[in-house]
């Protein structure tokens, strides 16, 4: 059986909902991928008695605990004090930690406030975890059956410390049998539609099926046990991929490194040595922003005047306008491919969450036109993001030869 792990978040802002606890979600995924069985997520506010009580509880039931928050210099940062009291480990001044904290301010030409000295007080026998990204050192300590790791609550600092120092230690300290997670990333299908498409697949009882719906994709997740045969794993993933068809734009967890849709399009465009000129309307520049840094995007513009002029066109008129724009842009840009995105709907449809717009994407490559039309509803930001993704997906499908 894999070791059990709990995640413990400290902070009044988390308990009251002022801050979304993204740390816990990120750490849980990391812990599962390492091979731990994550049993609980707990959040506690800035109350010393509650912190002490929870630490004592966790020490009796978990093999490991990842804790975030409460390591700052202010009066509401109580983690080190709570650990000291709960585990009967007096706080001791760590001169190395103190020098690191002072150096953080020196490098920024700032004077260290006296309150930051508090961050150099660590529980007796604790192992310091150096923080090169902020002032709060983390620390680790064993109490009863549990190995506790305390990390800063700032997500960038927490992730850096975990990846650089904590994870390598966990992999040597514990005997872990990491499961194998495979995620099929799709665009254009909701969870219920995916469930319908895969309903006839026979899933072995030891394989866990799950879904994650995000703003940029929906992921179908298959979690395989440690010793699951690779041939059988590949066979099941292939079966899922065939059922989901062209909606799958990437499969994470196999041999190839994958990313979001723009990352996948970049690989395809680079491999085909294709350049692109782009005009977008409904996505308001977001499509180009998703492709920042990619050399194949040589021209991009958001054309408000075009958007205003096409709002009341019917779909046939919209297609004709888009094709003419594509031809003109293609001649002027010198790109191998041209992508035009237009939309139609009444003047209020773009900002009214209850009204839909029709988004047309037209791609011109080698004198051939390819097009898709999608109806998008929801708030303005959703329409903007979906328009960008669906236009980009037309490019992906062309590069993969799925528009023949």
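The values are calculated or read from the model by the stated rules, or taken from the named source; none is laboratory data. These numbers were taken from a predicted model, which means no experiment stands behind them. For neighbour counting, all protein chains shown are included, and Cβ atoms are generated from backbone atoms with ideal geometry for every residue, glycine included.
Brief remarks on what is shown
- Listed by position, the helices (runs of 4 or more DSSP H) enclosed by region 83-191 that each have at least 3 residues that are in contact with a helix residue (DSSP H, G or I) (Cβ under 6 Å, 6 or more places away or on another chain) are 95-106.
- Residues of region 27-52 satisfying the condition of being part of a helix (DSSP H, G or I), over 19 Å from residue 172 (Cα atoms) and in contact with a helix residue (DSSP H, G or I) (Cβ under 7 Å, 6 or more places away or on another chain): 48, 51, 52
- Among the residues listed as 308, 318, 297, the single one being more than 29 Å from residue 185 (Cα to Cα), free of Cβ contacts under 8 Å to residues at least 40 places away in the same chain and not assigned by TED's automatic domain parsing to the domain that holds residue 214: 308
- If the condition is being under 30 Å from residue 390 (Cβ atoms) and in a loop (DSSP other than H, G, I, E, B), then region 228-255 contributes 253, 254, 255.
- Single residue of 120, 136, 126 found to be assigned by TED's automatic domain parsing to the domain that holds residue 83, under 18 Å from residue 67 (Cβ atoms), surrounded by 14 or more Cβ atoms within 10 Å (Cβ to Cβ) and modelled with pLDDT under 95: 136
- Matching option when the condition is touching a residue at least 40 places away in the same chain (Cβ under 8 Å) and closer than 25 Å to residue 89 by Cβ, among 6, 30, 57: 6
- Within region 192-227, the residues that satisfy the criterion of being in contact with a helix residue (DSSP H, G or I) (Cβ under 8 Å, 6 or more places away or on another chain), assigned to a strand (DSSP E or B) and surrounded by fewer than 17 Cβ atoms within 10 Å (Cβ to Cβ) are 211, 213.
- Taken over region 69-82, the criterion of being in a loop (DSSP other than H, G, I, E, B) and crowded, with 19+ Cβ neighbours inside 10 Å is satisfied by 69, 70, 71, 72, 77, 78.
- Check on residue 167, surrounded by 14 or more Cβ atoms within 10 Å (Cβ to Cβ), in contact (Cβ under 8 Å) with a residue 40 or more places away in the chain and in the same structural domain as residue 68 (by TED's automatic domain parsing): yes
- Any hit, region 333-340, residues being part of a helix (DSSP H, G or I) and in contact with a strand residue (DSSP E or B) (Cβ under 8 Å, 6 or more places away or on another chain): yes
- From the list 91, 78, 71, the lone residue that is more than 30 Å from residue 214 (Cα to Cα) and under 26 Å from the mean Cα position of the chain (by Cα) is 71.
- Candidate set from region 32-50 (those that are more than 17 Å from residue 223 (Cα to Cα) and out of contact with any strand residue (DSSP E or B) (no Cβ under 7 Å at 6 or more places or on another chain)); member that is modelled with the lowest pLDDT: 46
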